[in-house]
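Let me begin by presenting the structure, written as structure tokens, before commenting on it.
Nothing in this text is a laboratory measurement; each read-out follows from the coordinates by a stated rule. Because the structure is a prediction, the values reported are computed rather than measured. Backbone-built Cβ (ideal geometry, glycine too); neighbour counts: all protein chains shown.
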Amino acid sequence: MVFSPHDISVLDFLIGKSAIKIEAKASTFLQPGIADFTMAQLSYPDNIQGHIFTSWLHPIKEQKLIVVGSKAMISFNDSTKEKEIILHHKHFQFENGFPVKIEKDDEIIPYETKMPLEEELKYFTDHLDSTIEVADGKSGHEVVKILESVQNKIENY
């Protein structure tokens, strides 16, 4: 899970809360004690679920975020050159007790692309004499707690 702190931070930010239940599994094939694949399931209040899959061994390197909502879905693939945020106008509604897929054309959400670390450092230096509101020490502490819990579950799996 060493590759997941940003994923956990993004989930916590989007949901506005930290995970209340954590499950994790890992597979070790090549070296004892070093996970090749990990899967974490994070449960949040209000029955919100997050899934994080990591693998240093996987043949396809991808960094995707997919958010599934009741009326639409959104995706972001950081592994592509375009790095598009796509709003998928897809959802399900029940008709006569059966789920029916409702689907309209996808929409690309325009945004200003910048280098994240550069922007983070700029924000930090701009706020040295004021309050940092985007991510404080508390949010970082919550991420570390989740990482430690995942690591513990993997080691005792």
**OP:** Select from region 97-150 the residues that are within 17 Å of the chain's Cα centre (by Cα) and basic (Lys, Arg) and list them in ascending order.
**Re:** LYS145
**OP:** Select from region 115-148 the residues that are surrounded by fewer than 10 Cβ atoms within 10 Å (Cβ to Cβ), in a loop (DSSP other than H, G, I, E, B) and not polar (S, T, N, Q) and list them in ascending order.
**Re:** MET115, LEU128, ASP129, GLU133
Subject >> The lone exception for PHE29 - which of (1) touching a Leu at 6+ places or on another chain (Cβ under 8 Å); (2) surrounded by 11 or more Cβ atoms within 10 Å (Cβ to Cβ) it fails >> reply: (2)
**OP:** List every residue pair whose Cβ atoms sit under 6 Å apart, with the two residues 6 or more apart in sequence or on different chains, where the first one lies in region 22-36 and is touching a residue at least 12 places away in the same chain (Cβ under 8 Å) and the second, anywhere, is assigned to a strand (DSSP E or B) and among the small types (Gly, Ala, Ser).
**Re:** ALA24/ALA40; ALA35/ALA26; ASP36/SER27
Original post:
Among GLU133, GLU95, GLU155, GLU107, which is the only one that is within 19 Å of VAL10 (Cβ to Cβ) and acidic (Asp, Glu)?
Top reply: GLU133
Original post:
On the given criteria, is ASP46 surrounded by 13 or more Cβ atoms within 10 Å (Cβ to Cβ) and out of contact with any helix residue (DSSP H, G or I) (no Cβ under 7 Å at 6 or more places or on another chain)?
Top reply: no
